[in-house]
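The values are calculated or read from the model by the stated rules, or taken from the named source; none is laboratory data. Here the structure is a predicted model, which means the values were calculated and not measured. Cβ: placed from backbone, ideal geometry, glycine included. Neighbour counts: every protein chain shown. Surface accessibility is based on the protein's heavy atoms, side chains included, excluding ligands, DNA and RNA. Shrake-Rupley method; radii C 1.70, N 1.55, O 1.52, S 1.80 Å.
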Amino acid sequence: MHTYESLLAAITPTSGETREVFDPATDELIGTAPVQSVDDLNAAIDKAEAAQVAWAALPDEERVAYLHKAADAIEASAEALAELLSREQGKPLNGPNARFEVGGCVAWTRVPADTPLPHEVLIDDESGYAEMHYRPIGVVGAISPWNWPMMISIWQIVPALRMGNTVVIKPAETTTLSVLALVTVMNQVLPEGVLNIVTGPGRTVGDALTRSPKIGKIMFTGSTPVGKRIIEASAPNVTRLTLELGGNDAGIVLPDVDPAAIAEGLFWGAFINTGQTCAALKRLYVHDSVYDQVLEHLVEFAKNVPMGVGVEEQNVLGPLQNRAQFEVVDSLVEAAKASGARVALGGNPDREAPGNFYPTTIVADIDPHNDLVVEEQFGPALPVIRYTDLDEAIRLANELEVGLGASVWSADRAKAQQIAARIQAGTVWINSHGGLHPMVPFGGAKQSGYGREFGVEGLKAVAEPQVVSG
């Protein structure tokens with residue numbers, strides 16, 4: 001079991017190139033991170049390749065046992081991991097944030113470990129006999145983002161290991177320490193070479209990972225433009241891909257809702273992780289007959305949710321993780337204000353204060369084609385669009401090139417399901433937004449990527465299907 005201090009000491013580099021890591025809430029120095037090279041990456045890939053044959057040869061129940069030991073190790077060091085995550089990523093300890101994320105790492109390790117995936121009998125009759133088996137691919141390259149750095153890394157690592165692959169993971173440059181700590185804890189119990197981490201710039205180390213002919217599968221969570229570059233880079237090797245890319249999730253509120261009853265769900269759908277979530281609610285279409293009431297209750301709830309330094313126990317919203325993202329949100333809100341949209345809450349950051357805090361912001365009476373609506377803001381600024389015609393609201397929800405998630409809010413579940421069927425998104429929630437379950441497949445439509453994670457489909461995605469016939 002690690003304390004925060006012992007965990008930080010275990011991951012602090014003693015040689016080689018490093019960079020300083022600062023708390024996005026306070027601008028305070030919290031540690032140093034290694035900056036590795038393509039040579040380091042190639043050595044890690046070779047190590048993973050060498051370990052893969054023996055790992056795949058283990059009986060499934062032995063790999064499952066190792067994964068449960070890894071879950072136990074994460075759980076034993078949970079508080080230290082959560083504190084490091086809070087200080088590096090910025091998210092508070094409490095609420096659906098750092099402690100929640102580390103707990104999710106434990107759950108998303110145990111559930112895939114215990115999910116059965118037996119071979120399937122395809123035909124067994126007078127015409128013949130055939131079975132479908134799922135074999136290891138080899139070495140899986142994982143590239144994880146900065147918004148949920150530990151949990152999304154687990155989503156990539158654990159299914160790959162369960163299916164007999166080994167892993168080389170490259171974390172985001174701004175949340176290197178969080179993933180390095182997670183891997184260090186897991187490697188206390190995993191065999192040597194099974195799980196490897198390389199830190200470094202995406203333009204060099206990340207690019208080389210996607211181009212390596214020794215990588216059989218790439219798993220990436222991040223922006224659509226980077227996803228497109230990965231597709232191009234990996235194409236010569238026909239590398240298998242799972243891409244969970246950008247989202248700009250729409251929510252449609254029908255006129256039959258109880259505005260007070262849905263306010264909390266709308267808030268957390270939009271502002272979980274201070275809006276820094278791919279499948280967060282990022283544009284809300286509300287029927288004219290309930291628009292003012294929904295806006296009133298949403299604002300009232302939002303203004304009472306505390307934002308501040310993550311390691312202070314009372315806070316449940318934190319800063320934006322990096323200054324570049326702060327500037328994206330700030331510029332979009334300023335442009336919306338200049339266009340005549342009404343700021344119902346927030347929109348007034350202190351640009352000179354320490355940290356990357358942008359206040360909880362709700363923008364009303366905004367044109368449906370304003371940049372704050374059609375561009376993914378990835379921060380705590382929600383545009384609320386008034387509509388009168390449901391078909392038009394659905395058209396607006398579908399007109400963007402992305403389709404990760406969406407939601408429908410209604411007192412009539414059957415009607416909501418009918419509307420959900422018309423929305424182009426990988427997941428449509430009814431009367432909630434953004435909830436995930438380790439047994440429910442998740443992934444995007446259109447330019448929000450392809451492939452599915454979680455559950456049986458997630459295990460199949462990191463395996464090579466093989467038919468044995470005769």
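Would you mind stating whether GLU300 is within 28 Å of ASN398 (Cα to Cα) and either open to solvent by 40 Å² or more (accessible area, probe 1.4 Å) or touching a Ser or Thr at 6+ places or on another chain (Cβ under 6 Å) (or both)?
Considered against the rule, which asks whether it is within 28 Å of ASN398 (Cα to Cα) and either open to solvent by 40 Å² or more (accessible area, probe 1.4 Å) or touching a Ser or Thr at 6+ places or on another chain (Cβ under 6 Å) (or both), GLU300 comes out as no.
Please tell me if ASP207 is charged (D, E, K, R) and open to solvent by 10 Å² or more (accessible area, probe 1.4 Å).
Here the answer is yes, as ASP207 does meet what is asked.
Tell me whether the range 10-26 contains one or more residues that are open to solvent by 30 Å² or more (accessible area, probe 1.4 Å), among the hydrophobic types (A, V, I, L, M, F, W, C), touching a His at 6+ places or on another chain (Cβ under 9 Å) and not in a loop (DSSP other than H, G, I, E, B).
yes
If I filter the range 446-454 for residues that are open to solvent by less than 40 Å² (accessible area, probe 1.4 Å) and either modelled with pLDDT under 95 or among the hydroxyl-bearing types (Ser, Thr, Tyr) (or both), do I get at least one hit?
yes
Give, as residue ranges, the strands (runs of 3 or more DSSP E) completely inside the range 194-247 that count at least 1 residues that are free of Cβ contacts under 8 Å to residues at least 40 places away in the same chain.
195-197
Of all residues in the range 399-409 being over 16 Å from the mean Cα position of the chain (by Cα) and either open to solvent by 10 Å² or more (accessible area, probe 1.4 Å) or at pLDDT below 95 (or both), which is farthest from LEU245 (Cα to Cα)?
GLU399
Which condition number does ILE230 fail, the rest of (1) open to solvent by 20 Å² or more (accessible area, probe 1.4 Å); (2) among the β-branched types (Val, Ile, Thr); (3) within 18 Å of ARG452 (Cβ to Cβ) being met?
(1)
Go through the range 105-120 and give me each residue that's farther than 24 Å from ALA9 by Cα and either open to solvent by less than 10 Å² (accessible area, probe 1.4 Å) or in contact with a Gly (Cβ under 8 Å, 6 or more places away or on another chain) (or both).
THR109, PRO112, ALA113, THR115
Let's see how each residue does on (1) assigned to a strand (DSSP E or B); (2) hydrophobic (A, V, I, L, M, F, W, C); (3) over 21 Å from PRO13 (Cα atoms):
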{"residue": "ASN147", "(1), (2), (3)": "no, no, yes"}
{"residue": "MET150", "(1), (2), (3)": "no, yes, no"}
{"residue": "ILE154", "(1), (2), (3)": "no, yes, yes"}
{"residue": "LEU161", "(1), (2), (3)": "no, yes, yes"}
{"residue": "ILE169", "(1), (2), (3)": "yes, yes, no"}
{"residue": "THR176", "(1), (2), (3)": "no, no, no"}
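Take the residues in the range 305-321 that are part of a loop (DSSP other than H, G, I, E, B) and under 13 Å from GLY275 (Cα atoms); name whichever of them is most open to solvent (accessible area, probe 1.4 Å).
Per the criteria, the residue is VAL316.
Kindly provide the set of residues from the range 272-296 that are under 14 Å from ALA344 (Cβ atoms) and crowded, with 20+ Cβ neighbours inside 10 Å, ordered by number.
LEU284, VAL286, TYR291, VAL294, LEU295 - these are the residues of the range 272-296 that are under 14 Å from ALA344 (Cβ atoms) and crowded, with 20+ Cβ neighbours inside 10 Å.
Pick out the one residue from GLY470, GLY435 that is open to solvent by 10 Å² or more (accessible area, probe 1.4 Å) and modelled with pLDDT under 95.
GLY470
What are the residues in the range 430-450 that are in a loop (DSSP other than H, G, I, E, B) and under 14 Å from the mean Cα position of the chain (by Cα), if any?
GLY434, GLY435, LEU436, HIS437, PRO438, PRO441, GLY443, GLY444, SER448
Go through (1) open to solvent by less than 10 Å² (accessible area, probe 1.4 Å); (2) in contact with a Ser or Thr (Cβ under 8 Å, 6 or more places away or on another chain); (3) at pLDDT 95 or above; (4) within 30 Å of GLN417 (Cβ to Cβ) and name the single condition LEU195 misses.
(4)
Just for the range 83-104: of the residues that are part of a helix (DSSP H, G or I) and among the aliphatic types (A, V, I, L, M), which one is surrounded by the fewest Cβ atoms within 10 Å (Cβ to Cβ)?
The qualifying residue surrounded by the fewest Cβ atoms within 10 Å (Cβ to Cβ) is VAL102.
The rows are residues; the columns are (1) of a type in the set (Val, Ile, Thr); (2) in a helix (DSSP H, G or I); (3) open to solvent by less than 30 Å² (accessible area, probe 1.4 Å).
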site	(1), (2), (3)
ALA335	no, yes, no
ALA344	no, no, no
ARG351	no, no, no
PRO368	no, no, no
GLN377	no, no, yes
ARG386	no, no, no
ALA411	no, no, no
VAL428	yes, no, no
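Would you mind telling me which numbered condition in (1) open to solvent by 30 Å² or more (accessible area, probe 1.4 Å); (2) at pLDDT 95 or above PHE442 fails?
Going through the list (1) open to solvent by 30 Å² or more (accessible area, probe 1.4 Å); (2) at pLDDT 95 or above, PHE442 breaks only (1).
Considering ALA80, ALA65, ALA70, which residue is without any contact (Cβ under 8 Å) to a residue 40 or more places away in the chain, in a helix (DSSP H, G or I) and open to solvent by less than 70 Å² (accessible area, probe 1.4 Å)?
It is ALA65.
Inspect the range 103-125 for any residue being of a type in the set (Phe, Trp, Tyr) and in contact with a Ser or Thr (Cβ under 8 Å, 6 or more places away or on another chain) and give the result as yes or no.
Among the residues of the range 103-125, not one is of a type in the set (Phe, Trp, Tyr) and in contact with a Ser or Thr (Cβ under 8 Å, 6 or more places away or on another chain), which makes the answer no.
Which condition number does ILE394 fail, the rest of (1) out of contact with any Gly (no Cβ under 6 Å at 6 or more places or on another chain); (2) among the hydrophobic types (A, V, I, L, M, F, W, C); (3) part of a loop (DSSP other than H, G, I, E, B); (4) over 28 Å from GLY308 (Cβ atoms) being met?
If we test ILE394 against (1) out of contact with any Gly (no Cβ under 6 Å at 6 or more places or on another chain); (2) among the hydrophobic types (A, V, I, L, M, F, W, C); (3) part of a loop (DSSP other than H, G, I, E, B); (4) over 28 Å from GLY308 (Cβ atoms), just (3) comes out false.
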